[in-house]
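Take a look at the structure below.
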Amino acid sequence: MARKLKGIAAARGIAIAPVVHFHPTLEHIPTWKVPEEAIDAERSRLSNAVATVAAGLMALQQELAGAIGKSEARIYDAQMALLQDPQFRRDVEAEVRAQRVNLEVALQRVVARYEGVFAAMENPAMRERAADLRDIGRQLVGALMAQARQKYTANGADYLFAAEEFLPSDAGLLDRAHIRGIVTAHGGKYSHGAILARSLGIPAVVGVDQVMLESNTGTMAIIDGDAGVVLLDPTAEEMREYERRAREQRAVDRRIAEVRFQPSVTRDGVAVQLYANVEGVRDLDSLEIEATAGIGLFRTEFAFMERRQFPTEDEQVAMYRRAMDGAKGRPVTFRTLDVGGDKPLGYFRMPDERNPVLGWRGIRLCLDWPDILYSQLRAILRASALGHARILLPMVSSRSEVARCRDVVDQLVADLRATGVAYDPRVELGVMVEVPVLVPVLPEVLPLADFVSVGTNDLVQYLLAVDRDNQRVAKMYDPFHPGVLRVLQQIAQASRHAGKPASVCGEIAGDQWFTPLLVGLGFRELSMAPVFLPRVKLMLRSMTVAECEDLAGRALAMHSTSAVRKLVLDELQPRWLAQLGGEEPQR
């Protein structure tokens with residue numbers, strides 16, 4: 001029976017192959033009492049083990065030098081620094097001396113203590129260092145036991161690497177000729193293992209906590225590194241669909257080099273600005289900002305969720321300035337704190353709610369706790385001095401909410417001006433359209449706003465009364481519903497009549513089959529996960545605005561979701577295939 005497991009998208013791409021479980025080979029570590037006269041011998045053993053592991057790390061770094069970038073290769077420099085840290089060595093030796101335990105056990109105990117220290121750190125990047133420390137400890141114990149680690153192979157067959165976690169030293173043990181993907185029970189998007197998977201071009205999904213229990217070696221599986229999904233025992237239909245997507249992705253990859261820095265314009269030369277959605281400043285490290293119009297959605301809540309307490313204003317300023325620097329002069333749209341619902345803060349007690357997605361979240365929460373809002377808005381304004389910042393308000397449902405936020409921004413601007421604190425006078429305030437009731441009153445709200453951003457993930461969910469994470473009804477969640485298209489048309493028309501730019505930042509903005517519909521409905525700004533930018537640009541360049549408008553007009557007249565989908569696929573598939581083949585569509 002097919003099973004779908006959700007994790008964290010760590011490295012893009014599709015991988016299809018049998019799962020192979022890999023476990024650490026150091027399952028039994030001996031324990032013995034160390035007499036006083038043997039302590040010096042244990043110290044010598046430690047020196048030899050450090051030298052052995054250091055040589056191995058240098059060899060691994062050289063081996064991977066041609067496959068990974070220079071910045072990724074520095075991961076092994078970080079491991080070397082941990083390995084040769086004199087305090088780490090003193091702590092291990094002290095454990096041997098004080099507890100009279102052998103070096104293998106002392107290493108395990110010290111590594112566990114260090115892990116606890118890293119886990120308590122507020123900086124998420126520092127918390128990820130715990131995995132590096134585990135890796136160093138594992139390598140040292142292996143060297144002490146003179147136990148060489150075995151290569152991760154599947155006897156020459158293609159395979160998906162499945163393990164509790166993927167550590168930097170594991171990269172040297174992979175059969176890179178046959179590995180097709182990586183799935184782990186633990187790990188984060190910014191762990192060094194995830195970074196190496198991206199650099200090696202291996203699709204990866206991490207944080208799938210049930211993967212080792214739900215699968216066995218030999219289980220056929222699909223890794224969707226774009227969506228962060230793993231399908232176990234997929235159906236024949238799912239296999240065909242993902243095989244098609246994999247072929248299509250290879251064709252897209254071939255075309256990316258040709259179009260990634262070309263203008264995002266329709267075939268008749270009308271510009272459509274393509275922006276990137278990011279979850280934090282670290283996403284900017286792997287983003288080709290020059291291939292975008294800027295950051296269309298910076299989700300500030302993820303920085304709050306990674307911490308153990310609310311960040312101060314100065315800490316927020318530092319984060320937002322890094323985003324402004326990373327955008328290199330392009331606009332950055334900061335969405336104000338959108339917690340609550342499915343994104344709670346561990347350090348902020350939220351009330352138990354029967355339906356938290358429709359509850360105390362987004363701008364509702366921030367207006368009830370104005371200190372949070374004031375601090376964040378002031379921090380964004382201070383950071384805006386480095387470029388062009390835009391402020392986006394989530395979960396807006398009334399004109400009064402926007403008016404209150406506009407008053408706060410005006411007060412803060414007056415205060416900054418009076419105290420001589422620099423800010424960008426062009427800073428804009430926008431509203432996110434995701435609550436359906438905002439659509440009919442949008443003409444009354446827009447005089448208070450500078451721009452509109454349509455959050456289609458929630459908007460579609462609310463319009464259809466479908467929880468897209470509920471497996472019983474998720475199949476009913478379909479943005480191609482004619483009613484959804486008509487609501488999007490209303491938003492585009494209201495924005496155009498008010499002379500305010502309108503963008504789409506939900507998942508449909510990154511769906512190339514939806515691109516011509518959005519352009520035809522009147523949208524000229526789309527913001528999406530960076531992985532989808534090339535696909536959207538390819539589709540965009542295959543059609544004229546008139547063709548998009550004609551397609552959207554016919555779709556609006558349909559009476560069923562299935563009819564809209566058939567129309568779109570019948571019209572667009574030939575153009576898409578022509579684009580992937582490098583051909584210009586017929587005029």
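The values are calculated or read from the model by the stated rules, or taken from the named source; none is laboratory data. What you see is a predicted model, and the numbers here were worked out from it, not measured in a lab. In this analysis, Cβ positions are derived from the backbone assuming ideal geometry, glycine residues included, and neighbour counts consider all displayed protein chains. Protein only, heavy atoms only, side chains kept; ligands, DNA and RNA dropped before computing areas. Shrake-Rupley method; radii C 1.70, N 1.55, O 1.52, S 1.80 Å.
List the pair-distance distribution P(r) of the stretch 40-98, using every Cα-Cα distance, as the percent of pairs falling in each 5 Å bin from 0 up to the bin containing the longest distance, rounded to whole percents.
4, 17, 24, 19, 13, 10, 7, 4, 1, 0
With each label point set 7 Å from Cα along the Cα-Cβ vector, what nm distance links Arg90 and Arg406?
About 6.2 nm separates the two model spin labels.
Based on the Cβ-Cβ distance from Val441 to Arg554, what FRET efficiency comes out when R0 is 45 Å, to the nearest 0.05?
Between Val441 and Arg554 the formula returns 0.95.
For the stretch 212-334, give the magnitude of the charge dipole about the Cα centre (Cβ charges: +1 Lys/Arg, -1 Asp/Glu; no others), in debye to the nearest 20.
440
For Cα pairs less than 8 Å apart in space and 6+ apart in sequence, what is the mean separation divided by the residue count of the stretch 187-231, i.e. the relative contact order in percent?
31
When all alpha-carbon pairs of the stretch 206-364 are counted, what percent fall beyond 29 Å?
The calculated P(r) of the stretch 206-364 puts 44 percent of pairs beyond 29 Å.
With only alpha-carbon atoms in the gyration tensor, what are the semi-axes of the equivalent ellipsoid for the stretch 500-547, in Å, largest first?
15, 14, 8
Give the shape of the stretch 471-587 as rounded, prolate or oblate, defined through the alpha-carbon gyration tensor: a ≥ b ≥ c are the square roots of its eigenvalues, a/c under 1.5 means rounded, and otherwise the shape is prolate if a/b is larger than b/c and oblate if not.
rounded
Rounding to the nearest 10 and keeping the result within 0 to 90°, find how far the Cα-based axis of helix 39-64 lies from the longest principal axis of the chain.
40
Just tell me which aspartates and glutamates come within less than 13 Å, Cα to Cα, of Lys151; anything on the same chain fewer than 8 places away is out.
Once the sequence-local aspartates and glutamates are set aside, what remains near Lys151 is Asp170, Asp175.
Compute the distribution of all C-alpha to C-alpha distances in the stretch 411-557, in bins of 5 Å from 0, and list the percent of pairs in each, rounded to whole numbers.
Pairs per bin, as whole percents: 2, 9, 17, 19, 18, 14, 9, 5, 4, 3, 1, 0.
Express in whole angstrom the spacing between the alpha-carbon centres of the stretch 28-65 and the stretch 306-334.
42
What whole-number value in Å² describes the accessible area per residue of the chain for a 1.4 Å probe?
44
Ignoring any ligand, DNA or RNA, what whole percent of the accessible area of the stretch 63-214 comes from carbon and sulfur when the probe is 1.4 angstrom?
51
What is the distance in Å between the Cα centroid of the stretch 506-550 and that of the stretch 169-206?
The stretch 506-550 and the stretch 169-206 have Cα centres spaced 31 Å from each other.
Calculate, in nm to one decimal, what Ala414 and Val229 gain on full extension: separation in residues at 0.36 nm each, minus their alpha carbon distance.
61.8 nm
Any idea how far the Cα center of the stretch 148-167 sits from the one of the stretch 255-292, in Å?
35
Rg to Rh for the stretch 142-188: what is it, with Cα atoms only and Rh by Kirkwood?
With Rg and the Kirkwood Rh in hand, the quotient comes to 1.00.
Provide, as a two-decimal number, the C-alpha radius of gyration of the stretch 182-241 over 2.2 N^0.38 Å, N being how many residues it has.
Relative to the 2.2 N^0.38 Å estimate, the stretch 182-241 comes out at 1.15.
Relative contact order for the stretch 233-306: what is it in percent, counting Cα pairs under 8 Å that are at least 6 residues apart?
That works out to 25 percent.
What is the dipole size for the chain, taken about its Cα centre, with +1 at each Lys and Arg Cβ and -1 at each Asp and Glu Cβ, in debye to the nearest 20?
620
What size of dipole, in debye to the nearest 20, comes out for the stretch 147-246 about its Cα centre when the only charges are +1 on Lys and Arg C-beta atoms and -1 on Asp and Glu C-beta atoms?
460
If you wrap the stretch 128-213's Cα atoms in a convex hull and average its projection over all directions, what's the area in nm²?
About 5.8 nm², averaged over all directions.
Could you tell me how many cubic angstrom of Cα convex hull volume the stretch 381-450 has per residue?
Hull volume normalised by residue count: 75 Å³.
Quick check: residue separation of Asp478 and Glu237 times 0.36 nm, minus the Cα distance between them. What number comes out in nm?
Contour length minus Cα-Cα distance gives 84.8 nm.
Just need the relative contact order of the stretch 347-425 here, percent rounded to a whole number, with Cα pairs under 8 Å and 6+ apart.
35
Give me log10 I(q)/I(0) at q = 0.08 Å⁻¹ for the chain, Debye formula, one equal scatterer per alpha-carbon, no solvent.
Log-scaled intensity ratios, in q order: -0.64.
So how tilted is helix 124-144 from the main axis of the chain? Cα-based, degrees 0 to 90, rounded to 10.
30
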